[in-house]
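Worksheet for the structure shown next.
Read the figures in this text as sums done on the coordinates, not as results from a lab. None of these values were measured; they are calculated from a predicted model. Positions of Cβ are backbone-derived with ideal geometry, glycine not excepted, and every protein chain shown enters the neighbour counts.
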């Protein structure tokens, strides 16, 4: 196990705030509602939080939850369905999302498309605002199409109590969200070099808090955290690792990474770095700039790329640039997209001499003993 260094008091106080935000997201939602804000649930991923923010509403991330038995949502999804969708609907059916005025999300896979329809059937009082995304993102017509989708979403949000969309307000939102993304990228780089100070669980909590906290407060606290980390000497981790997958946010699983001696030096997780690696560009039409941000995404298994080697090259580069000793794919069970690409990814990692491991997980799991054993064996293999 990587030795834990004594943390400066302010550093620990900041880490505690991120942890508390993640452990009690409902408190963040209640605070927003108490201020009279309209809150919109944002399902994964690439929901246009900037647009919601610019219209005076509060984006609130919905990525399911761990350890939840899906007794109510089982009536809408088969058991072999992605647990992220099952647990997100379960939360809503149990009343845990009361206070939201709507939910929005992209329709990027065969999980998210039926989710929008089943949500409408299960919760007619909580509107689901689907956002269709172009897969041929390199073409001009993709930008035109996606801009029109965003414009339509803005009209629906205005009908739910949002302010009329103002270009300057949207520009301001793009700038603050770009700053938040830059701060998260900086934190990822710093955390990878402070193995004894930022555990895998603490790293996840810092990044996940962005789903729930107001973007301005989150940015202020993360900037302070980054300054604290910058003032401390590097502690090269013994076993730096790159993690890929949709999400890896189970505390028990993250403690298994730490128990095996790993530091997460880089990630390609949808909930983490995939969501903040691309900024919105400057453009006189901020709605077009928001569309351009989505269309600039690449090396993502849920998005079509003409070059099938682009994603394997991206992961190899990520491992090498971060100094990682290997890569672990945390595969969400029944995620067809990531299951289908894993053999090709593993073949390229093997060809490049990069050790890799795939472990299965889902949000309904409560015990990760098998994963812990696999991680310990992988750590021994890496030496």
Column: log10 I(q)/I(0), Debye, Cα scatterers of region 246-383, q = 0.17, 0.18, 0.19 Å⁻¹: -1.00, -1.10, -1.20
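In whole angstrom, how long is each semi-axis of the equivalent ellipsoid of region 332-383, when you take the square root of 5 times every eigenvalue of its Cα gyration tensor and sort them from largest down?
Its equivalent ellipsoid spans semi-axes of 21, 19, 4 Å.
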Highest GNM mean-square fluctuation, the chain, Cα pairs closer than 10 Å: which of 316, 328, 140? 140
Let me know the Rg and Dmax you get for region 1-89 when you use only its Cα atoms, in Å. 17.3, 49
Ellipticity estimate at 222 nm from DSSP helix runs (n ≥ 4, -39,500 (n - 2.57)) divided over the chain, nearest 500: -15500 deg cm²/dmol
What order do you get for 53, 314 when you list them from fewest to most C-beta neighbours inside 10 Å? 314, 53
Tilt of helix 140-159 relative to the longest C-alpha principal axis of the chain, in degrees (0 to 90, nearest 10)? 60 degrees
Label region 147-297 by shape, choosing from rounded, prolate and oblate, from the square roots a ≥ b ≥ c of the eigenvalues of the Cα gyration tensor; if a/c is under 1.5 it is rounded, and otherwise prolate applies when a/b is larger than b/c, oblate when it is not. prolate
Exposure proxy ranking, count of Cβ atoms within 10 Å, fewest first, for 198, 22: 22, 198
Treat each spin label as a single point 7 Å out from the Cα along the C-beta direction, and report the residue 216 to residue 20 distance in nm. 2.1 nm
Quote the relative contact order of the chain in percent (integer), defining contacts as alpha-carbon pairs under 8 Å separated by 6+ residues. 21 percent
Segment residue 304-residue 282, length gained on full extension (0.36 nm per residue, minus Cα span): 5.4 nm
Between the helical axis of 9-23 and the dominant principal axis of the chain, each derived from Cα atoms, what acute angle in degrees is found, rounded to the nearest 10? 60 degrees
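Percent of Cα-Cα pairs more than 23 Å apart in region 195-279, please.
Details: 844 of 3570 pairs.
When every Cα pair of region 195-279 is considered, 24 percent fall beyond 23 Å.
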Part-to-part distance (alpha-carbon centres) for region 1-63 and region 284-330, which is given in Å: 24 Å
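Counting pairwise Cα distances across region 54-191, what percent come out greater than 19 angstrom?
Everything past 19 Å amounts to 62 percent.
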Note the per residue figure in Å³ for the convex hull of the C-alpha positions in region 27-74. 100 Å³
Residues 317, 137 arranged by fewest to most Cβ contacts within 10 Å: 317, 137
Given points 7 Å out from each Cα along the Cα-Cβ axis, report the residue 223 to residue 235 separation in nanometres with one decimal. 2.7 nm
Mean Cβ neighbour count within 10 Å, used as a protection proxy, ranking 334-343, 236-245, 357-366, 260-269 highest first: 260-269, 236-245, 357-366, 334-343
